[in-house]
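*Asks:* Below are the structure tokens for one structure; questions will follow.
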Amino acid sequence: MALKFFLCISCLIFTLSLQGQEKIKVTIYADNNSPPYAFVLQKKTAGIYTEIVQEIFIRMDKYEITIKPVPWKYGLHLLKTGKGFALYPPNRYLKKRPYIRPYSLPILVEQVVVFCTEDTLKVARKIWPDDYFGLTFGNNTGFKLGGEKFDQALNQGKIEMIEQETMEENLMRMAKREIDCYLNDRFSILWTIKQMKQKRVYRPRIHANFVMGAIISQEQGYLGFTYRDKGKYDYKIDFVTEFNQQFLILKKSGKIDAIIRNFFGD
């Protein structure tokens, strides 16, 4: 309780000190190569996280915020050395990355899921992986996303797997009904399906329709802040508080869900 009171007082004092002053210039770093989450498209920062945080940033009146895309490992290095203020979208690994703290509220839930042909899921398949025994799965070469029981079923011949190099190759095999199911990151699958439709290589009217099945695992993505700035960013507490408040407002209004729908729409 005392800590919360201190944080509130700190934010109030900081806010009052800003009155009549120019906006604070802030650089937020973004992963430059993780589509559809955060990436560079036509020399501009893009991605579902980017669209969400941009919508939040324009509502943070005290700040002039610039998003700068960087290689992921370099972005982590900036936070680790205290040279960078914040980066998106890390998952929350407190022990692995003690130099990132605090985190914003979770922005997105990232899920590993199963997509199957519509005919395959006409049969109820609620239990993973047992209800999927006897099916043929597509998989990106070398990926292990199905979990321990899934791997055991593969070794026992209860499930068959055919590997391809890319997500699009796997989805096309499923579109042609050469495989029954495919598992990978949900948003990445939706993004690839959208691109395949735009290129007209996948046509739901003549190909198999895709339906999402079991959720295998999930993590959350955040805006993460450096813990090693040694007081350099004295506005950090206020920034995190304001970001979270604006995020909750957008979430409650349905704006976040609308951004996601529009991003993956046709």
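The values are calculated or read from the model by the stated rules, or taken from the named source; none is laboratory data. Remember, predicted model here, so these are calculated numbers, not experimental data. Here the Cβ is made from the backbone with ideal geometry for all residues, glycine too, and neighbour counts use every protein chain on show.
*Asks:* Count, please, the residues in region 63-76 that happen to be among the basic types (Lys, Arg) and either touching a strand residue (DSSP E or B) at 6+ places or on another chain (Cβ under 6 Å) or within 19 Å of Pro106 (Cβ to Cβ) (or both).
*Replies:* Number satisfying all stated conditions: 1.
*Asks:* Examine region 190-202 for a residue that is touching a Cys at 6+ places or on another chain (Cβ under 8 Å) and either in a helix (DSSP H, G or I) or in contact (Cβ under 8 Å) with a residue 60 or more places away in the chain (or both), and state whether such a residue exists.
*Replies:* Taking every residue of region 190-202 in turn, none turns out to be touching a Cys at 6+ places or on another chain (Cβ under 8 Å) and either in a helix (DSSP H, G or I) or in contact (Cβ under 8 Å) with a residue 60 or more places away in the chain (or both).
*Asks:* For region 203-224: of the residues being in contact (Cβ under 8 Å) with a residue 60 or more places away in the chain and touching a helix residue (DSSP H, G or I) at 6+ places or on another chain (Cβ under 6 Å), which is farthest from Asp131 (Cα to Cα)?
*Replies:* So in region 203-224, the residues in contact (Cβ under 8 Å) with a residue 60 or more places away in the chain come out as 208-224.
Filter once more, keeping what is touching a helix residue (DSSP H, G or I) at 6+ places or on another chain (Cβ under 6 Å): 208, 211, 213.
Working: Ala208: 21, Val211: 15, Gly213: 11 Å.
Only one residue tops the list, namely Ala208.
*Asks:* Does Thr166 meet the test of being buried (at least 18 other Cβ atoms within 10 Å of the Cβ) and either assigned by TED's automatic domain parsing to the domain that holds Ala86 or of a type in the set (Val, Ile, Thr) (or both)?
*Replies:* no
*Asks:* Return a yes/no flag: does region 136-145 have any residue that is part of a loop (DSSP other than H, G, I, E, B), among the β-branched types (Val, Ile, Thr), within 22 Å of Glu168 (Cα to Cα) and at pLDDT 95 or above.
*Replies:* Yes - at least one qualifying residue is present in region 136-145.
*Asks:* Within region 158-212, can you find the residues that are among the small types (Gly, Ala, Ser) and over 21 Å from Glu110 (Cβ atoms)?
*Replies:* Ala175, Ala208
*Asks:* In region 54-84, how many residues are in a helix (DSSP H, G or I) and not charged (D, E, K, R)?
*Replies:* Total meeting the criteria: 10.
*Asks:* Can you find even one residue in region 77-84 that is touching a strand residue (DSSP E or B) at 6+ places or on another chain (Cβ under 7 Å) and within 20 Å of Glu242 (Cβ to Cβ)?
*Replies:* yes
*Asks:* Same structure, new question: Please verify whether region 188-205 includes one or more residues that are closer than 30 Å to Ala86 by Cβ and in contact with a strand residue (DSSP E or B) (Cβ under 7 Å, 6 or more places away or on another chain).
*Replies:* Yes, the conditions are met somewhere in region 188-205.
*Asks:* Kindly list, by first and then second residue, each pair from a residue in region 40-61 that is within 14 Å of Leu108 (Cβ to Cβ) to a residue that is among the β-branched types (Val, Ile, Thr) and in a helix (DSSP H, G or I), limited to pairs with Cβ atoms under 7 Å and residues at least 6 apart or on different chains.
*Replies:* Ile48/Ile260; Glu51/Ile259; Ile52/Ile256; Ile52/Ile259; Glu55/Ile259
*Asks:* Starting from region 233-255, keep only residues that are in the same structural domain as Ile100 (by TED's automatic domain parsing), then list their pairs with residues that are at pLDDT below 95 and hydroxyl-bearing (Ser, Thr, Tyr) whose Cβ atoms are within a distance under 8 Å, requiring at least 6 positions of separation or different chains.
*Replies:* Final answer for the pair search is Ile237/Ser10; Asp238/Ser10; Asp238/Thr15.
*Asks:* Can I ask one more? In region 121-163, which residues are farther than 25 Å from Glu219 by Cβ and surrounded by fewer than 12 Cβ atoms within 10 Å (Cβ to Cβ)? Please lay out each step first, then the result.
*Replies:* Initially, region 121-163 is screened for residues farther than 25 Å from Glu219 by Cβ, giving 122-124, 133-136, 155-158, 160, 162.
Listed by number, the residues that qualify are Lys122, Val123, Ala124, Gly134, Asn155, Gln156, Gly157.
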